Each structure stands twice: as structure tokens, then as C-alpha cells.
Amino acid sequence: MPLIVKRSKRYKKAAEKAVTTPVAVDAAVDAVKQFPPTKFDQSVELIFSLGIDPKQADQMIRGSVSLPHGIGKSKRVIAFCPDHLIDTAKAAGAIEAGGQALVQKIEKENFTDFDVAIATPDMMRFVGRLGKVLGPKGLMPSPKAGTVTADIANAVREYAAGKIEFRNDTGGNVHCVVGKLSFDNRKLVDNINSMVTTIRKLKPQTSKGAYFKKVVIKASMTPAVQLAVQ
């Protein structure tokens, strides 16, 4: 039996104003801002439908990026690091830092109240055993995402300030937040253009046909507006 999605009156009213053809980034931002407001500051999401085969390891799209104007939200970051770097990591913004003691806290106390985990390379031999806990939650440190690094202070600082990680899902789509609806238009346009450029640079050489099949932006509670990007 098909799933029936009930839409609110506010959403239905917004849908009446929806743009039905692809438009330039600045026009798309204008359109999203014209939808009926909500009582909270909505996140603005950028969604890519890519011409990749998610089953092929060499066509995975994954990485991290610091957008020009941030995303309007700080993140809770922990750092797996040697004892002599604990104070440095905490000074940079980590809510927890440590080596084997932090690994044990996650194992024994099921501590996962954080958004990003950073690790120095020498700590990964201990962090590796947390794969079954952190992996399904998307919290496992990864060199490809820039969360395994010797420069622990800089990584913690960037992620605490809102640096984002992204990766394609099983359908070949990439979802990411590019700011808040309260951002002025130029900041949203800059962030969107930066993200589009980042994803474009990651196009796998083995992907066939159109790479950007469809790219849309939307706020948390609005219809999507398609971008005219190639």
C-alpha cells in the first residue's frame, strides 16, 4: 500500500508558489525566501541527484568542506588524541578529548552525544574497534572526510565552527545544509556556489552521462526549487 504523506495548509500554500522550471542560483534563493515563513529559522538544504553508480567504489562521492559563510550552527566535536594534545583539542573547541579512556567511555557508557569525531592517525588503532558503534551513526573518523589528521587543533576548530561532511547515499544523492533561511541572499548564493563547485570537482572519471541529473534547494519546511546547473 503506498505511503500517503499529509501536507500542512502552510506547505500547500507554499506549493502554489513553487517554481516549476530550473532557475539560476540567485533566483532560486529568492524563490525559497518567498514561501510562507515558520516560527523557527529553517535550514537551507542543497540536494544533488548525481549520475553515478553508488555500487562502484570508484564512484563514491565523499568529502568535507568549510563553506564561505558557515552554516549557522556550531557542532559538538570530540577528539581522539594522545594525552599531550588533550588540552590543545579542548582549547580548540572539543567537548571531550582523550585516547583509550575516551574509547572506553564510548564502549562502556554508549557515549555518542556529539556530531563529529576527529582522530590523530596514531589513535586509529584504538578507535577502529568502535566501528560497529560509530559507523552506523556516521560518526567514524575517516581520512577521506578530513577527520583523521595530525593537525587536531585546526580540524576541531573547523568542525566546531560548522565544517560539513558529505557523502552520497545508496540512490546516488548528496544532501547537505548550506545555511539558514535568515542568511542574507548573497551569503546563501556564495555557499551554494561553493558546494556546487566542490561536488563538480569530485566527478568520477568512470561516471557516464550527465553528472548533475538534478540539483535543488529547499528550506526545512518548503517545496524544492530546481537549480539550472550543469
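Brief remarks on what is shown
- Taking (1) at pLDDT 95 or above; (2) of a type in the set (S, T, N, Q); (3) open to solvent by 50 Å² or more (accessible area, probe 1.4 Å) in turn, Ser49 satisfies each apart from (3).
- Number of the exception - Ile86 against (1) surrounded by fewer than 18 Cβ atoms within 10 Å (Cβ to Cβ); (2) more than 30 Å from Lys180 (Cβ to Cβ); (3) touching a strand residue (DSSP E or B) at 6+ places or on another chain (Cβ under 8 Å); (4) of a type in the set (A, V, I, L, M): (1)
- Residues of segment 117-136 satisfying the condition of being in contact (Cβ under 8 Å) with a residue 24 or more places away in the chain and of a type in the set (D, E, K, R): Asp122, Arg129
- Residue match in segment 145-152 (condition: open to solvent by less than 50 Å² (accessible area, probe 1.4 Å) and out of contact with any strand residue (DSSP E or B) (no Cβ under 6 Å at 6 or more places or on another chain)): yes
- Enumeration of residues in segment 166-214 that are surrounded by fewer than 19 Cβ atoms within 10 Å (Cβ to Cβ) and in a strand (DSSP E or B): Arg167, Asn173, His175, Phe212, Lys213, Lys214
- Options Lys39, Lys55; residue that is within 30 Å of Val189 (Cβ to Cβ), surrounded by fewer than 20 Cβ atoms within 10 Å (Cβ to Cβ) and free of Cβ contacts under 8 Å to residues at least 40 places away in the same chain: Lys39
- Inside segment 92-126, residues that are closer than 18 Å to Arg76 by Cα, under 24 Å from the mean Cα position of the chain (by Cα) and surrounded by 12 or more Cβ atoms within 10 Å (Cβ to Cβ) make up a count of 16.
- When Tyr159 is tested against (1) hydroxyl-bearing (Ser, Thr, Tyr); (2) surrounded by fewer than 18 Cβ atoms within 10 Å (Cβ to Cβ); (3) touching a residue at least 24 places away in the same chain (Cβ under 8 Å), only condition (2) is not met.
- Arg167 free of Cβ contacts under 8 Å to residues at least 24 places away in the same chain and over 14 Å from Val29 (Cα atoms): no
The values are calculated or read from the model by the stated rules, or taken from the named source; none is laboratory data. In this text, all values refer to a predicted model and were calculated from it rather than measured experimentally. For neighbour counting, all protein chains shown are included, and Cβ atoms are generated from backbone atoms with ideal geometry for every residue, glycine included. When the accessible area is computed, the model is the full protein with side chains, heavy atoms only, and any ligands, DNA or RNA have been set aside. Shrake-Rupley method; radii C 1.70, N 1.55, O 1.52, S 1.80 Å.
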